[in-house]
Structures are given as C-alpha cells and as structure tokens.
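The structure appears right after this line, and notes come after that.
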Amino acid sequence: MGFRGYFLNRIAIAVAVLFIVLVLNFLIFRVFSPYDPTDMIIDPDFEQATKDRLRAEWGLDRPLFPDQFVLYLKNLLTWNYGRQFDQSKSLIAPQMAWRLRNTLLLLGTATIGVILVGIPLGILAGSRRGSKTDITIIGAGLFTWGVPTFFVQLIWLFVFSATWNSVFGAPLIPRSGVVGLPPPEGLLETLKDVAWHAISPICTLIIAGFGSWALYTRNMMVDALTEDYIQTARAKGVKGRDVLFRHAFRSILPPVATMVALAIPGIVTGAIITESLFGWPGIGAWYINALMNRNHPVAQAVLYNYAVLMIGANLVTDLLYGFLDPRIRVGQRR
Amino acid sequence: MALFRKEKRTIYVRKIKNFWEEFSHNRIGLAGIGILIFYVMVAVFTPYISPMRPTSQEYNPPRSAAMYAMPEWVRIFPQFQDLPPSFEVRLLENVTLVNSTVTDRATLQFDKEALNITFHADAEEEEGSILLHLTAFSYVYAPPSDFKLTTVYYETGNQIRYEIDLFLTTDQQNDIWDEWLEDPTRAVLYTNDRKVTRYPSVDKKIRRSLYAGLMNEQLFAWQYPNDAVQYAFLHPSEMLLSKKGSYDFYLEIKFNSLASTSTCNIHIDTAEVKFFGDVWGLLGSDRVGHDVWAQLIYGVRISLIVGSLAAVLSSVLGISFGVIAGYSGGRTDQIIMRGVDVLLCLPVLPILLILSSYWSFNVYYVILLIAIFGWQGLSRIVRSKVLSLKEVPFIESARAAGATSGYIMTRHIIPNVLPVVMAAMVLAVPGAILTEAALSFLGFGDPSVPTWGRMLYRSRTQGGFESLAWWYVIPPGLAITFLCLAFVFIGHALDEIVNPRLRRRR
Amino acid sequence: MTLLKVENLTMYWEVLRGYVKAVDDVSFSLEKGHSLGLAGESGCGKTSTALAILRLLPYNGRIMGGNIIFNGEELLQMNDQRFQKEIRWKKMSVIFQGAMNALHPIQRIGDQITEAILLHENISKKEAVDRASKLLDLVGIGAERIDRYPHELSGGLKQRTVIAMALACNPDLIFADEPTTALDVIVQAQVLKVIKELQHKLNLSMIMISHDLAMIAETCDEIAIMYAGKIVEYGDVTTIYKKPLHPYTQKLIKAFPSVIGPKTELATIHGFPPDLLKPPPGCRFHPRCPYAMEICRKKDPQSAKVDGKYHSVACYLIGD
Ligand SMILES: Nc1ncnc2c1ncn2[C@@H]1O[C@H](COP(=O)(O)OP(=O)(O)OP(=O)(O)O)[C@@H](O)[C@H]1O
Ligand SMILES: [Mg+2]
C-alpha cells in the first residue's frame, strides 16, 4: 500500500474517532450526567404547563435517541452549540470563536516555542554526549520533566504578581485578558499589548515543557549517532554539522514528529490550567467555569472542540510522518 | 524439572545481580532511588514526623495559629523577632485573694481547676465585692493578631444581682482591659467603660461558656454554644497588649442583694486565653490557622499511593492489551489498536474534570480513572516489542512444541517484554501524580484527603498569594517536584541500562 | 609499486580500566593491484586496524605509534582536512562491517552515492548522478533503481549499493570489512562475484577483512593472520594455506571446513582469546598453544622472514 492508501486509512480513522468522540460527548453530558438539563434552565416553581411548554421549546420532550441525538450531531457538526445555561442564555458560538482563537494562539505559540527550545538543545546535547553541556541539558530536562507546569506558573505569579505588587505597589505582569483595558489603538500597539499579555503564560509553558523534548531528542540523537550510516557519512567526508543535521537529525525526524502528537494531550492539559491561572480568556478557563456552574452546553461544546483539536493534530502528525518516512506502511508505526 | 527450575532461578538471580551492578554505576538513578527512599521513610514514619494530623476544612476544628502565620524559625531574622508564637494562659492556675469586703458572708474556694464563690445576704441592698488576682504572665512579643478568651461558668442564685469584671493590668499601664460576662440574649457591642450587670436565674444550674477572640485585628467574636451568635467589632489588640512586660489578670465580683435573704453561687471552671501565634511550627499555618507541616507530611502518603497504584494499574492494562494485541494479531490486534487510537485522541484531563464534577470522587476512583486513561502509550511499546519477539526462534520452537498461547505469553513473552517497558512503567508514576495534582489544583480532587494539589489550590483561592504565604505555596510544589523527579531519574537510568546505546561512556 | 605500507602501527582503545591493546605493532605492505586478506578470530583487532588507517577512530581510539605510508606519503602527519578531502574515500574507501546498516534509512540510494562524489570532486550534480547510475550498473543493481530507498532493496542489493558507494570516487584501495557476513550463502556468492569482477575490471587493490578463510583464499593474493592485536603470520595465500607455520594459523585452517578437500574432523582451538586489556606476557598465544615453551611465556617473539620475500612468522618454533 502506497502513500495514498496510508493517507486514506489515517483519514478514515480520524473520521471514525470523531464519531466515537461525538457519541461519548453526548453520553457524558446527556446520559451519565446526574443532573437533568431542565434543572438548570427551568425554575422549579413554574407551573407544570409552563414547564412542559419550556421543555418542548428546548426540544427536551422528544426521546433522547434518536431525535435529540440526531439534533445534537447536526448542531455540533455545523458549529451550532446552542445557548448557555445561565442568566444570559446567550448563544455559545460567537464566544466560542473568540475564545478558541485565544486558545489556539496560546497553544500554537507555546508548542512552537517548546519545539524551538527543546529540539536544538536536544541536538546539542546528543552531539556532545558525555560533555558538561550534555549533562547540564539532561539535568535541566529531567528537572523540568518532574516539575508540574502549574507549579512553575504559581512561582511565576508569586514573584511577578504578588511579591512585585507588595514591593513596588503594582504587579509586573497583567492580571488577565488578552489585551489591556481600554484596548490600545492601532495594529502595532495591539500586537504589542497582546504579546505582553501572552508572554507570561507562554514563557511558563515553555520552561515547564521543553525538558522532555530536549531529553527525547537527545536520546534519539545519541542513538542515531551510533548508527552505522553515520559512520559511513563521516567516512565519506560529510562535515560535522551536516552529519548532525542532514544525516542524524533527518533520520529521527519522523519519530520526533510523532512526539508532537503524543505531546498534545499534555499541552491541552497545561493550557486549561494556564488559562485559568493567568486569566487568559480561552476555552480552557471557560470549561472550568462552565463545570463549576453546571453550564453544560458550554462544557459540551468545549470538550467537543478539544477532541477535534486533538484528532486534527494527530491526523496532521500522522500525515507528516508519512511524508517524512518513506518506510511507512499501514499499521506499522514506531 | 526441579533442576530446570532451579537453574532458571539462578539465571534470574544473576540477571538481577547484573542489573543492580549496572544500576549502581548510574548516578542519576541512584539519586532517584535516594529521593524515593527518603519519601518512603517519610510515609512510613509520618505520625512521628508530624505529631499533628492535618485537619480538614469541612468542619471547624480548633486552629493552631493565626491566619497565614509564618514558620516559627523566621524569628531568627530581626524583622520578625517580635512575632508572637501560639501559647495559652490559664487564668485559674494561681488564684489569690486580694481584697474582700464581705469575708463573713462570702465563701471562696479555688484550686487549679475551678473557682467557686458563694455569697449570702441577710438584708436588702447589701453590697459586697471581692477582688481576686488570677494570674500573671509576661508578654514579650508584638501585639497579637489573634487571640481567644474562653470562660465557662455555672451560676445558681436567688434575688441577687452581680457583676463580674475581668481586668487585665500591666505595670506600664493600669487597667487597660476589662471584660464582662453578659447575658447571651443581650450580648451587644462592648466598650471599655460599660459595665454590665446580670441577674442569676433562680435556682437553676446553667452552664454557659463564652468565647472572645480576635483575628487580624478585625473580628471580635463572642460565641455561645447554644445559639452560636457572632458579633464583630473593631478591637485593636494594640490597646490590650501594646507593650512588652508582665501582665496581670484580675477578677472582680460585685454583689447587690435584692431581698433580705438571697444567695448566689458562681462556679467558674474554665478560664483561659489562647494566643494564636503569628509564627507557628515548621511551616506556619494556612488561611484558617491550620498547621501546614502536617498537611505537607501527610501528603506524602497520598501521593505515593496515587502514583504507584495508578502506575501499577495502567501498566497492567497496558502490558495485557499490548501483549494480547501483539501476540494474537489479526482482528483482535486491529480492534485493540484502534481503541488505543481513540483513547489517544481523547482530552483526558477535561474528561476527568467533568466526571469528578458529577460525582465528587474519592481518591481511589481518581486513581482508577487515571489508570483507565493512561495505558495506551505503554501498550503500543509492548505490542511492537511482542511483534519482534514473536519471530524469535525460542518462542517459535515453544509454539511448535505445542505450548499453549497462555503459557508462551506468561512464560516467555512477558518476562522478555518487562525489561523493555520498565522505564515506561516507572515514568507512568510521575504522570499519575501530576494528573492527580492537576485535578486537585483545579479544585476537583477528593476534598477529604490532604493532597499537595489541594494545598496549592487553597493557597491560590484563599489569599495565600496576597499574603505572600510562601510557606504554603512553595513546599507542596517542591514536594511534588522532587517525588516526580525521583521516578523520572529512575526511569531515565533504566532507559540507559536497557538501551545500551544510551549507556554512559566510561 | 607499494601502495600502502604499514609499519609498527600501534593503536589502543582508552577505557576506564586502562588500554585495550587492539592493534599492537602491526606491519604489512600492499602492492598496487594486489589484495590482502586480514584474518583472525572475532575481536582480534581487524576492524580496529582498518579504522586506525582510515582515521575513523571514535573518541577513545589512540594511535600510540607507527607509520602509515600511502603512495609514498606519511598519512599520520597529514592534516585532517586534507586527509578528508583528498585521501579518504577519494583514494581509499571502505565497505563497512554490517553494511546492511551502513545506508541511511530514509535517503534515496542515488543521493547517498552522489553525496560521496560531490564531496570530493568539483563536478556538477548531473554529472555526479550520471556517475552514480553507472556505478549502480557496474555493481549489478541497475541504474533504474537510483531513486529507491534502502528498505525497498534486498540485502544483497543493499550490499552492492554499499560497494558502489565505496567505488564512487575511483579509489585506489578499498577496505572491505566482512562484506558478506549477514547475507545468505547464495547472495554471498553473488556479492563475492561482483567483488572479484571489480578487482579485475578496475585493477583495484583491496584489504579484505574476514574470518572466512575460504573467501580470502578466493579474493586475495596475500594474507595476514591476526591474533590478539598482533600479526602472527603473513605471506602469500597459497604458501600459507599449504604450509602454515604458526600453530595458530595451523589450527585456524584446520578449524575451517573445506568444501573441496577430503572430509576431516573439524579442529577446535581450546580456550578463549585473551582479554586485550591485560594480554598475557610473552607470546599472546602461549596459553592456548600446545607447543608453548619457557621462552614463549617471557618474551614476545618478533616477526621473522622465512623462505623468500613474503612469508614471515612470529614464533619461536620457527627460525632458529
Ligand atoms: N570503541 C572501542 N572502545 C573500546 N574498545 C573497543 C572499541 N572498539 C573495539 N574495541 C575492542 O577492541 C578489540 C578489537 O575489536 P575489533 O572490532 O577491531 O575486532 P575485530 O577483529 O574486527 O572483530 P570482529 O570480527 O568481531 O569484527 C575488541 O576486544 C573490542 O572489544
Ligand atoms: Mg570487525
């Protein structure tokens, strides 16, 4: 089976997983939930007739399967998440778009940052195996692997927000938000302000996250550098740096790409906490709030988006792997 | 057969010996083992290391110190030298009679535990007063931010009116504080110069107790067990204990008979002042004045249990599924690996969060859930190893010799897979610990167990940051970090040993 | 004309507990167009010798002394850059032991060969590709496979690719380190055939490293028998096969099954090769030698010429 077969296979799997996730998402919120959705939207003091009318209005009078399920599928697949279970009863979709953008901004830059810091360090350590540099990088990598991301962030907040506040009268870093209030004028100013707001969450995510990447890359590099084909390359007269990048790193690129997929759950997890800690208005912070207030449509919508995000990321890395490694055959991955 | 088994055992013994030989040269691995042993010792000797048990916040247990009291040892720094520790003064310890106008009509009994005063009057409008010196103590600290006075007394009497005044005097300043015991139903605000009288109920023994306390110079609470009313008013402790020096408590009781024959008996059996220190213990206190050290130390057990149980469970799942998938191949393999694909696409933490928001889980359910969502990576490694093992001659020959699949799996495959996945299994421990910590940190953990994640959650939500209570923020975080590091170190060492190319050059 | 002359080459591996004396006082020389077989048990230092000459020693290899004269030039004095650019791969290249892994797994074989050419010669990419196709034809892979990845080739074809790569810059000398191990017998024969043809066509000089004496007999003119870091016997192939003098060589030849000759009981050599960290004093073979004498335990025998130009042996039994 060639590339195309592999791609089609991966896409088919992604679609299947998406369907399973949709079913799970429905089950978790509509079947397993110990709370009746009507508790949240209908005042218990209403007349029975009013209650019934409201139920009918929300479509809750129809059977769960298939009517409500089909409706649910139709809605989610068209990015129609319904309304919030709160006072405002506002539509979820517009806010979701805004928050999703914020989350993707955070996740994307943090992931890229972690890759840009972790992988070069890993290559450096691997190429100077046994040296002080190597030992330092291993040590730092192991340390940041053990330290919880939120602890790094707590320390960051403790120093730059709380302590700074008590010493200088105001915290150094912004308390929350993507931009300050009132929002600055002009594109450049806005970008600057967004960067200023994003720098704390992103820096802490990178600090707590680069270690495992550096270690993983380092071990793969050490492994690759002992391969016979590296000796061949050296013997052929390939220069040191080219041996490192064009030969050794090139050969570990596919598994490194897989690692992106494996790292995504961790990054998503990290982002939930990061968003609530730094007041970053993304979907993670929203999710926590929604759970605490039993705002289930919001939680359901966020969970769905997380799953789509992860399925998408997995798919992309699978396809990337196929491009990077000609040896790929279906069902045979590292 | 027996011989064979014995040989096999010696092979294992030798393998383990070789392994240990390798491991003992790996400094990082040894450091990991060292840290882990330290934690295990702490877990074993927890009650000795922390004599106090951690208290839960669900009910209102006695507190040990003021809110966010600093660790006691900060007093070695000059700026914190004066902070008061927790201590209590028992008022009835050493009672002496100073002055009595009614020696003939009053009887007075006191010992260390209780004070008993009886007064008779033979005529109307007869007056008398007794002044007692209760106790002297020296106060050598800055004014306390939190203290509590407790008095418990019985009264019986008839046709008489009495007043009880509690004075606090000091050699620097006279009569700085008096305190009145008052009718619960009429308990209102108090000022320094108002004296309140009360009438004892008729021939009825009533036990009343009275608490007065001060927290952060804001809250002055009187609390009666019957109706639990609380009143607050500003009562700066600076007024009371502003100076260092020796202080004296005096008790003055004044009687005033309303009829020609009247009696009154007052029995005080508890009278004490508790000062809730602004420094406390090894690691200070939390928002409600509970010992942080106890929470930290008892957290070791929980984290070890969570990490090891979840890792063992998920390893069992991962190895079983991996071996079954790899060994059976075909459709079973397909189904299991697709299942793994699905699980890898699920956002685990969000799902754990929603599940624990439905059912407030106890910690064992959390462990179970972490294991259920945590075996996929391992099963992939195991499967690929099994696939390569399947081709190895000795397994093929075992199969040809008619060994059953179960026999081959348990006797040949699993023992050969284990060394390869050992590192992954060890590394599952910090994964589980961090997941549980994340849950607790977001406030979705088991509320009844003292976990480090919960401490961090409280430090964040209960003003620990604003109070700069570093002792409530940093130790639990470091404790998690080092416990995880121990396993990360060991896992790294195992990786180096099992994978010879990573082995350190010597 | 002497192409390569190695004199008293000594190379040790530095390890924590001391030096592994893998190449100790090794001398041999090779005429242009001739082939030399380097034979000996596993671990006796064959590969180490090749690596030392090719300057491919890993971090812990230490050349302790000796001379390597190639085309009249002293290689040990040459600077790294020049050696890399002008000698290695250009003038002498190598087919590595375990060639199956010597190819980059995710690079096309054509690219791997062209890379070698472009690194040493100032020609255009296209010319290099042309030459690579010719080489692939030459070794019997076929130019049409130039865009294949290694995993798409069989073991034999991979081995041929490695040979083609070694030939990329028309070298004068090729080190072939066990070029046929890890291949099955039929493929071994095919690859061997290719090597022999190349020797003829290109007038190649080779140093063939192997413990397969039969293969050396087929491809080489001279043979050096190594034992524990030392060359114990050296001479032309027929002489040594017919009349091995060193007890080790005798045992080694007896230990090999001969397809053509009469059926004989295969001999085994008792004991194990010595630990090169602490080789035995005197002759390194003496603990396993049935003829060991007092002097063998004390003094290292020097290589001495016996009848004629080539044949020399390091053994007290021979000579005086
Ligand atoms: N990098 C190294 N560091 C330390 N010792 C080494 C190193 N490489 C090889 N050795 C040791 O040097 C000795 C000679 O090894 P070498 O690879 O040259 O043997 P060989 O004759 O090629 O054996 P084989 O037939 O197995 O290829 C062996 O004892 C080996 O253990
Ligand atoms: Mg070799």
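Tabulated values for the structure
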item: Karplus-derived 3J(HN,Hα), 6.51/-1.76/1.60, for each residue of the range B:33-46, Hz, glycine and proline x; result: 4, x, 4, 5, 4, 4, 4, 5, 4, 4, 5, 5, 9, 2
item: Relative contact order for the range C:118-242, counting Cα pairs under 8 Å that sit 6 or more residues apart, in percent; result: 17
item: Fluctuation leader among C:LYS230, C:LYS298, C:LYS21 - chain C, Gaussian network, Cα springs under 10 angstrom; result: C:LYS298
item: Euclidean distance of C-alpha centroids, the range C:16-35 and the range B:284-325, integer Å; result: 59
item: Cβ charges +1 (Lys, Arg) and -1 (Asp, Glu), total dipole of the protein assembly as shown, debye; result: 6520
item: For C:SER35, residues with placed amide H under 5 Å, excluding near neighbours; result: C:MET206, C:ASP221, C:GLU222
item: Relative contact order (percent, whole number), the range B:365-506, Cα cutoff 8 Å, 6+ residue spacing; result: 23
item: Helical segments meeting 18 Å axial Cα length and Kyte-Doolittle 1.0 threshold in chain A (DSSP H); result: A:3-26, A:92-127, A:250-278, A:296-324
item: Charge sum, other residues only, whose C-beta stays under 15 Å from C:ILE63's C-beta, Lys/Arg counted +1 and Asp/Glu -1; result: -3
item: Cα gyration tensor, the range A:95-292 - rounded (a/c under 1.5), prolate or oblate; result: prolate
item: Inter-centroid distance (Cα atoms) of the range A:201-249 relative to the range C:151-223, Å; result: 32
item: Spatially proximal aspartates and glutamates relative to A:LYS51 (Cα-Cα < 16 Å; intrachain offsets below 8 disregarded); result: A:ASP36, A:ASP39, A:ASP43, A:ASP61
item: For the range B:379-506, size of Cβ-based charge dipole, Lys and Arg +1, Asp and Glu -1, in debye; result: 520
item: Charge dipole magnitude, Cβ of K and R +1, D and E -1 - chain C, Cα centre, debye nearest 20; result: 320
item: Tensor-based shape of the protein assembly as shown (alpha-carbon gyration tensor, a/c under 1.5 rounded, otherwise prolate or oblate); result: prolate
item: For chain C, calculated [θ]222 nm from helices alone, where every DSSP H run of n ≥ 4 adds -39500 (n - 2.57); result: -8500 deg cm²/dmol
item: Per-residue mean of C-beta atoms belonging to partner chains within 10 Å, peptide B:474-482; result: 4
item: Over chain A: helical MRE at 222 nm, DSSP H runs n ≥ 4 each giving -39500 (n - 2.57), nearest 500; result: -23000 deg cm²/dmol
item: Given charges at Cβ of Lys, Arg, Asp, Glu: the protein assembly as shown dipole, positive-most of C:ILE68, A:MET259, B:SER459; result: C:ILE68
item: Computed over chain C: relative contact order in percent, which uses C-alpha pairs under 8 Å that are six or more apart; result: 20
item: Leading residue at positive end of dipole, the range A:98-188 (Cβ point charges), from A:GLY177, A:VAL152, A:LEU121; result: A:LEU121
item: Per-residue average of Cβ from other chains inside 10 Å of A:224-231; result: 5
item: Qualifying trypsin sites (Lys or Arg not before Pro) in the range A:188-268, DSSP loop, other Cβ atoms within 10 Å at most 16; result: A:LYS239
item: Filter on A:LYS132/C:LYS91; C:LYS46/C:LYS201; B:LYS148/B:LYS244; C:LYS46/C:LYS298; A:LYS239/C:LYS134; B:LYS385/C:LYS193 - keep pairs with C-alpha separation over 30 Å; result: A:LYS132/C:LYS91; B:LYS385/C:LYS193
item: Cα gyration tensor shape for chain A, rounded if a/c is under 1.5, else prolate or oblate; result: oblate
item: Net +/- balance of residues flanking C:ASP275 in space, Cβ distance below 15 Å, scoring K and R +1, D and E -1; result: +4
item: Residues of the range B:261-284 with amide N under 16 Å of the 7 Å Cα→Cβ point at B:ASP82; result: B:278-279
item: GNM flexibility winner over chain A from A:ILE138, A:ILE155, A:ILE123 (Cα, springs under 10 Å); result: A:ILE155
item: Neighbour-limited loop hits for chymotrypsin sites (Phe, Trp or Tyr not before Pro), the range C:9-100 (at most 11 other Cβ within 10 Å; DSSP other than H, G, I, E, B); result: C:TYR59
item: Per-residue HN-Hα couplings for the range A:162-171 [Karplus 6.51, -1.76, 1.60; θ = phi - 60°; Hz; x = Gly/Pro]; result: 5, 5, 4, 4, 6, 8, 9, x, 8, x
item: Least to most buried among A:THR111, A:THR190, A:THR144, A:THR50 (fewest other Cβ within 10 Å first); result: A:THR50, A:THR190, A:THR111, A:THR144
item: Dipole axis of the range B:15-116 (+1 Lys, Arg; -1 Asp, Glu on Cβ), positive-most option in B:MET41, B:MET67, B:SER86; result: B:MET41
item: Among A:TRP286, A:TRP213, A:TRP58: highest mean-square fluctuation, GNM of chain A, C-alpha pairs under 10 Å; result: A:TRP58
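All of the numbers you see were taken from the coordinates with simple rules; none came from a lab. Bear in mind that the values here come from a model prediction, so they are computed numbers and not experimental data. With ideal geometry, Cβ positions are generated from the backbone for all residues, glycine too; neighbour counts draw on all protein chains shown.
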